[in-house]
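Each remark here refers to the structure printed beneath this line.
The values are calculated or read from the model by the stated rules, or taken from the named source; none is laboratory data. As the structure is a prediction and not an experimental result, all values here were calculated from the model. Counting neighbours? That spans all protein chains shown, and the Cβs are built from the backbone with ideal geometry, glycine included. The area values use the complete protein model at the heavy-atom level, side chains included, leaving out ligands, DNA and RNA. Shrake-Rupley method; radii C 1.70, N 1.55, O 1.52, S 1.80 Å.
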Amino acid sequence: MGFLSNDQLIFIFGLLGNIVAVGMFLAPVPTFYTIFKRKSSEGFQSIPYSVALMSASLLLYYGILKTNASLLISINSIGCAFEVTYLIIYLIYAPKQERMHTMKLLLIFNLGSFGSMLLVTMLLIKGSNQLSVVGWICAVFSVAVCAAPLSVMRRVIRTKSVEYLPFTLSASLTLNAVMWFFYGLLQHDYYIALPNVLGFLFGIAQMILYMVYKNPKNNGEEKEDQLAGNKEVEQMTNENESCSVDDPDKETKISTCCFKPKKSNANKKMEVICTNV
């Protein structure tokens, strides 16, 4: 590292940031494959992708305003393309209510807010202040992108399931934050560096959640409940060979259930046979 100049280090971290960020943009592919396979987006939310599209659009604009920011421009152009593709797939397979919600979100949030910001910064703010204002806006939305998975993390804790928390996405988020933190730090661009500190912390938190809940502990409890149920049925079989269910008027026998133990090499299972009479 001592043999590399500051500009070379900036290029290396920016290049690595591009590579890792592409991996991050590819991370939701299994999620959208699941949506495509189920022909439904039920259980998944569009908010993270809408926020990510807004952030990529803002950073693209910021990169255009800034000098020597070709790596920033390249990755956010790719990011915009990925997020638009994901949102199109979501809109195709989303239920009607979710589709309408997402379309309103895109019209008001992505087009309306982003368009208003463009007009204000281009027409009313000039010179170096323009870059500073856009930089602060980018920083705020970068934090929003980092915080967007909070809803998924809350769901993981509530359901004790990592179905909606891909590990590859969390790992990519963490590595991406590290690369862009050093890229911004070496350039003294704190609009890029500081939000990635939070991105790193959220990425670590998501990976910890994944490790905690990837093997649900309730599997053993379910097995114990199943064994307890089998013992109860076996006890009923030993006490009574059959049971009857009568109608309320006690005039007609509705059904007769016979409990017969069925042995196998592995364990003893109870076979329940019901016949209508």
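Scanning region 155-170 for residues that are assigned to a helix (DSSP H, G or I), open to solvent by less than 50 Å² (accessible area, probe 1.4 Å) and farther than 16 Å from Val145 by Cα turns up just one, Val156. Among residues of region 125-154 that are farther than 11 Å from Leu65 by Cβ, those with a Cβ under 6 angstrom from a residue that is small (Gly, Ala, Ser) and open to solvent by less than 40 Å² (accessible area, probe 1.4 Å), sequence gap 6+ or separate chain, pair up as Phe141/Ser55; Ser142/Ser55; Val145/Ala52; Val145/Ser55; Cys146/Gly199. Checked against the criteria, Ala144 does not count as of a type outside the set (Lys, Arg), assigned to a helix (DSSP H, G or I), out of contact with any strand residue (DSSP E or B) (no Cβ under 7 Å at 6 or more places or on another chain) and open to solvent by less than 30 Å² (accessible area, probe 1.4 Å). The number of residues in region 61-78 being open to solvent by less than 40 Å² (accessible area, probe 1.4 Å), under 18 Å from Asp7 (Cα atoms) and assigned to a helix (DSSP H, G or I) comes to 3.
Of all residue pairs spaced 6 or more apart or on separate chains, those with beta-carbon atoms under 7 Å, a first member in region 1-24 that is free of Cβ contacts under 8 Å to residues at least 60 places away in the same chain and within 13 Å of Met179 (Cα to Cα) and a second member that is open to solvent by 50 Å² or more (accessible area, probe 1.4 Å) and in a helix (DSSP H, G or I) are Val22/Ile78.
Among the residues that make up region 171-180, is at least one of them of a type outside the set (Phe, Trp, Tyr), buried (at least 18 other Cβ atoms within 10 Å of the Cβ), in contact with a Leu (Cβ under 6 Å, 6 or more places away or on another chain) and part of a helix (DSSP H, G or I)? Within region 171-180, one or more residues are of a type outside the set (Phe, Trp, Tyr), buried (at least 18 other Cβ atoms within 10 Å of the Cβ), in contact with a Leu (Cβ under 6 Å, 6 or more places away or on another chain) and part of a helix (DSSP H, G or I).
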